[in-house]
Amino acid sequence: MENLSLFIKSMFVDNMIFAYFLGMCSYLAVSKNVKTANGLGLAVIFVIACTLPINYLLNTYVLKPGALAWAGLPDVNLGFLSYIIFIAVIAAFTQLVEMIVEKYLPALYSSLGIYLPLIAVNCAILGASLFMQQRDFVSLGQAEVYALGSGIGWYIAIVALAAIREKLAYSNIPAGLKGTGIAFITVGLMGIAFMMFMGISL
Amino acid sequence: MSKLKETILNPILKGNPITVLVLGICSSLAVTVELKGALVMSLSVIVVTGISSLICSLLRNTIPNRVRIIVQLVVVAMMVILVDQVLKAFEATYAIDKQLSVYIGLIITNCIVMGRIEAFALGNKPIPSLLDGLANGVGYGLILLIVAFFRELLGSGTLFGIPVLTQFGYTGNGLVILPPMALIILGCVIWVHRSIDKDLQEK
């Protein structure tokens, strides 16, 4: 039950885009049509769901203050290394995924290929790992639920914006606002809509 | 000399990383609730973009193409760790570091840093790369401060924590402090920028 509430919360209330602005750059750049948005969204869910547990284990058994107690070093605090370790895990993982997809699933690669390297620098992925560190999840399962929830939340956000932007092409927008400007304002309005989920307590 | 001048001025006006290239939005909007946080964030980004561009430019002939993203990320992550540790070391900035929470760490994945390294530092000499990095940081900081100015003024009626509007009986508008308004204000900043500079308008 607690996990279900965490799942819903990380998906809607603490939505990566609308509550924390994470992954904004690729969110705005790749939301021009639903098809590519769908591909990038799925790739983000996958990478976030795979890297966050790895980072959770690293954080619990290597980085946290006192985490090295199992190695007989209870006083060591490697917390300052967490940024570099997390990003190394994420970058290595995306590179690995890219190579595997390129080798075995060439069709998927050609439709997704350019977005895969982008994911390494997607703030939503590193952000999820850093929030995981801040929130001190008690178990690996909880971390995984959080990862899935925030990944799916990001996916919903990008597909919804892409759908709206496809329709926006037919509307008459002031010249200075065309493109990026109106996209920002649309995201802002969507954010206000998403704020209603803040009232939900599970 | 004029080329150097262009390297410095272009990222601040015509090629502003936030309003024109739409890079680095991720970490920028969340820190604009108050001017103080925005200022610290801008300075951190200026330092990180400048120095990591310099380092990557020095290394540009030795990095193998295949693994360049990881190498760049390691350089950037190292710079961010240094900035983070410096902020934590002083009492005046420690509170701000706590308030910025994960967003300092997220400078690593700030697209401006990576974007400038990829687009400029890997193909240019160290000194222009350093200037390009610094100038992009300044262009980023400028927008950050504009957005933070409006959000703090309208949201809490203060500037840098000093009461301004509240003295005249203004009550802070809670909506402006919430995330969605940052996006809408930024949208308006882009609108103004593009209305002045018509070349930037999208067809």
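The values are calculated or read from the model by the stated rules, or taken from the named source; none is laboratory data. All values derive from a computational prediction rather than experimental measurement. Here the Cβ positions follow ideal geometry from the backbone for every residue, glycine too, while neighbour counts run over all protein chains shown. Quick note on the areas: whole protein, heavy atoms, side chains included, nothing else; ligands and nucleic acids left out. Shrake-Rupley method; radii C 1.70, N 1.55, O 1.52, S 1.80 Å.
Within the straight-line cut-off of under 17 Å between alpha carbons, the lysines reachable from B:LYS98 are B:LYS36, B:LYS88, sequence neighbours fewer than 8 places apart in one chain being disregarded.
Return the inverse of the average 1/r over all pairs of distinct C-alpha atoms in the protein assembly as shown, which is the Kirkwood hydrodynamic radius, in Å to one decimal.
Values: mean 1/r = 0.0458 Å⁻¹.
Mean inverse Cα-Cα distance, inverted, gives 21.8 Å.
R0 = 35 Å: FRET efficiency of A:MET1 with B:PHE160, Cβ-based, nearest 0.05?
The formula returns an efficiency of 0.20 here.
Distance between the modelled labels on B:TYR170 and A:ALA71, one decimal in nanometres: 5.4 nm (7 Å Cα→Cβ projection).
With the largest listed first and rounded to whole Å, the semi-axes of the equivalent ellipsoid of segment B:122-181 from the Cα gyration tensor are 37, 12, 5. The relative contact order of chain B comes to 34 percent, based on Cα pairs under 8 Å that sit 6 or more residues apart. Normalised by 2.2 N^0.38 Å, where N is the number of residues, the C-alpha radius of gyration of segment A:1-44 stands at 1.35. Shape verdict for segment A:129-202, please, from the Cα gyration tensor: rounded (a/c under 1.5), prolate (a/b greater than b/c) or oblate. It is prolate, given that a/c is not under 1.5 and a/b is the larger ratio. Identify all lysines with a Cα-Cα distance to A:LYS178 below 28 Å; exclude those on the same chain that are fewer than 8 residues away in sequence. Within the straight-line limit of under 28 Å, A:LYS178 reaches these lysines: A:LYS32, A:LYS35, A:LYS167, B:LYS14, B:LYS198, B:LYS203. Looking only at segment A:69-84, which residues have a backbone nitrogen under 19 Å from a spot 7 Å from the Cα of B:LYS98 in the C-beta direction? Under 19 Å, as judged by backbone N against the label point of B:LYS98, lie A:79-80 of segment A:69-84. For chain B, the cysteines with no partner cysteine C-beta closer than 4.7 Å are B:CYS56, B:CYS188.
Once you have the Kirkwood Rh of segment B:2-202 from its Cα pairs, apply Stokes-Einstein at 4 °C and 1.567 mPa s and quote D in µm²/s. Mind showing how you got there, number by number?
Working: Rh = 17.6 Å.
Translational diffusion coefficient: 74 µm²/s.
Treating the angle as unsigned and between 0 and 90°, give the value, to the nearest 10°, between the Cα long axis of helix B:35-58 and the longest Cα principal axis of chain B. That works out to roughly 0 degrees. Per residue, the convex hull spanned by the alpha carbons of chain A comes to 132 Å³. For the protein assembly as shown, the dipole from Cβ point charges (+1 on Lys and Arg, -1 on Asp and Glu) about the Cα centre works out to 880 debye, to the nearest 20.
Judged by the mean number of other Cβ atoms found within 10 Å, the most tightly packed of the peptides B:13-22, A:169-178 leads the ranking B:13-22, A:169-178. Helix A:82-104 and the longest principal axis of the C-alpha atoms of chain A enclose an angle of approximately 60°. Please give the helix A:180-194 orientation as an angle from the longest Cα principal axis of chain A, in degrees from 0 to 90, rounded to the nearest 10. The answer is roughly 60 degrees.
Per the 1.4 Å probe, what fraction of the accessible area of the protein assembly as shown, in percent, lies on carbon and sulfur atoms?
Numbers: 12460 of 17850 Å².
Using a 1.4 Å probe with all protein chains present, the protein assembly as shown comes out at 70 percent carbon and sulfur.
Can you classify segment B:51-156 as rounded, prolate or oblate using the Cα gyration tensor, where a ≥ b ≥ c are the square roots of its eigenvalues, rounded means a/c under 1.5, and otherwise it's prolate if a/b beats b/c and oblate if not? Prolate.
Cα extents for segment A:1-114 along the principal axes, largest to smallest and rounded to whole angstrom: 52, 37, 27.
Its convex hull of Cα atoms gives segment B:146-188 a direction-averaged projected area, equal to a quarter of the hull surface, of 2.8 nm². Each Lys and Arg contributes +1 and each Asp and Glu -1, all at the Cβ; summed about the Cα centre of segment B:2-202, the dipole is approximately 460 debye. Note on chain A: GNM, Cα springs under 10 Å; of A:ALA147, A:ALA162, A:ALA92, the largest mean-square fluctuation is that of A:ALA92. The distance between label points at B:ASP197 and A:LEU140 comes to 5.1 nm (points 7 Å beyond Cα on the Cα→Cβ vector). Straightening the chain between A:LEU168 and A:ILE156 buys 2.5 nm, computed as 0.36 nm per residue apart minus the Cα-Cα spacing.
Hey, for a label at A:ASN38 modelled as a point 7 Å past Cα toward Cβ, could you say which residues of segment A:166-194 have their backbone N under 17 Å away? Answer for segment A:166-194: A:166-167. Under a GNM of chain B (C-alpha, springs under 10 Å), which listed residue has the highest mean-square fluctuation: B:CYS56, B:CYS26, B:CYS111? Evaluated over chain B, the most mobile residue of the options is B:CYS26.
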